[in-house]
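The values are calculated or read from the model by the stated rules, or taken from the named source; none is laboratory data. Treat the numbers as computed from the prediction; the structure is a model and nothing was measured. In this analysis, Cβ positions are derived from the backbone assuming ideal geometry, glycine residues included, and neighbour counts consider all displayed protein chains.
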Amino acid sequence: MPVPARTVHTAALDVRVLTHRSAADIPAPVWATWRRYETAANIMLPSAEAALRREVAGAPPTPGQLWISLSSRTSNANGETSATVDLVLSCTEWAMGTYPVFIFCNPSSLEAMSPSTLASRVSMLAAELLARVPVERVYSIFAPTRVTKIFARVWSNMTGAQIESEPYYSAVFSYCTPMSSASRRPQPLTGEESKYTLRLAEEADIPAVASLCKGFASTSVRRASLILLQPGSVANETRLPSNSSPSLSVTKVHERRQPISSAIASCGCTKLKTLPARGKRHAS
């Protein structure tokens with residue numbers, strides 16, 4: 001059943017907040033915005049695409065899973081209007097339980113918003129989320145730093161939830177393009193013959209991938225309860241190479257004696273991790 005939209009009207013601006021209970025209900029402008037800004041959507045877009053594939057194949061939408069989109073429609077002096085998807089919040093599930101809440105921010109909108117406007121938009125998302133899920137479902141929020149801080153403050157004011165003094169997880173967001181990578185000369189392995197292999201992951205890669213992901217988590221996540229280091233965590237890695245679309249690649253450095261370094265990258269939430277033997281020369 002479609003969820004009613006909540007619309008806020010001002011003199012020259014309409015802000016519309018919509019809840020989508022299935023990936024199939026996510027409107028075309030949201031998909032188009034994600035794809036236009038794939039770098040900013042590199043967590044939310046692959047997850048939504050995977051959910052859509054499952055639904056197209058006949059699976060029912062996951063109970064309790066939702067996306068909340070916030071769009072603004074502005075009018076200029078000539079009376080012409082245009083709509084923009086500014087923010088999208090996801091509250092979704094995965095094979096090992098519930099994801100944190102993620103918020104996608106349209107980079108163009110985020111850059112143009114004043115602090116008060118951004119706070120107002122984030123408050124609308126928080127109010128809509130509170131109307132749709134239990135308070136305890138929101139245990140962590142992943143978003144650009146300023147959005148995370150606003151949401152945490154607003155959510156705490158609305159629900160009484162306590163804010164952790166230090167973030168669970170702190171990450172640097174970056175990317176490369178053919179132009180930027182071509183402008184940098186690869187760093188050679190000094191004094192050694194080497195060969196690089198880049199390929200899609202295979203089942204035989206699971207132990208090494210699991211080890212790298214464990215290292216990534218242990219150096220990035222501050223709170224032990226969020227670190228997937230428990231027995232059985234390898235089961236999640238088992239699923240990655242067998243997804244219907246490629247989501248995991250492996251890079252190996254073969255030196256004269258043996259391959260000693262690997263890195264993994266997931267198109268959903270990109271991670272780059274190297275074995276300790278390589279030191280920092282190949283870390284990124």
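Which residue out of 123, 183, 116 is modelled with pLDDT under 70 and either more than 22 Å from residue 94 (Cα to Cα) or hydrophobic (A, V, I, L, M, F, W, C) (or both)? Walk me through how you get there before you give the answer.
On the way: 123 fails: modelled with pLDDT under 70; 116 fails: modelled with pLDDT under 70.
After ruling out the rest, the residue left standing is 183.
Limited to region 119-163, what total is found for residues that are β-branched (Val, Ile, Thr), surrounded by fewer than 18 Cβ atoms within 10 Å (Cβ to Cβ) and part of a helix (DSSP H, G or I)?
Count: 4.
Name, by its number, the condition in (1) closer than 23 Å to residue 131 by Cβ; (2) in contact with a strand residue (DSSP E or B) (Cβ under 8 Å, 6 or more places away or on another chain) that does not hold for residue 81.
(1)
I'd like the full set of residues that are within 19 Å of residue 99 (Cβ to Cβ), of a type in the set (D, E, K, R) and either touching a residue at least 40 places away in the same chain (Cβ under 8 Å) or in contact with an Asp or Glu (Cβ under 9 Å, 6 or more places away or on another chain) (or both), limited to region 47-79.
Across region 47-79, the qualifying residues are 49, 53.
When region 98-118 is examined, which residues are found to be in a helix (DSSP H, G or I) and under 21 Å from the mean Cα position of the chain (by Cα)?
Step one: filter region 98-118 for residues in a helix (DSSP H, G or I), giving 107-112, 115-118.
Correct list: 107, 108, 109, 110, 111, 118.
Can you confirm whether region 67-79 contains a residue that is among the β-branched types (Val, Ile, Thr), part of a helix (DSSP H, G or I), buried (at least 16 other Cβ atoms within 10 Å of the Cβ) and modelled with pLDDT of 95 or more? First the steps, then the outcome.
Step one: filter region 67-79 for residues among the β-branched types (Val, Ile, Thr), giving 68, 74.
From what's left, part of a helix (DSSP H, G or I): none.
For region 67-79, residues among the β-branched types (Val, Ile, Thr), part of a helix (DSSP H, G or I), buried (at least 16 other Cβ atoms within 10 Å of the Cβ) and modelled with pLDDT of 95 or more: absent.
Go through (1) farther than 29 Å from residue 136 by Cβ; (2) surrounded by 15 or more Cβ atoms within 10 Å (Cβ to Cβ); (3) among the hydrophobic types (A, V, I, L, M, F, W, C) for residue 28 and report which single condition fails.
(2) is the only condition that residue 28 fails.
Take residue 41 and decide whether it is surrounded by fewer than 13 Cβ atoms within 10 Å (Cβ to Cβ), of a type in the set (Gly, Ala, Ser) and either part of a loop (DSSP other than H, G, I, E, B) or at pLDDT 85 or above (or both).
No, not satisfied.
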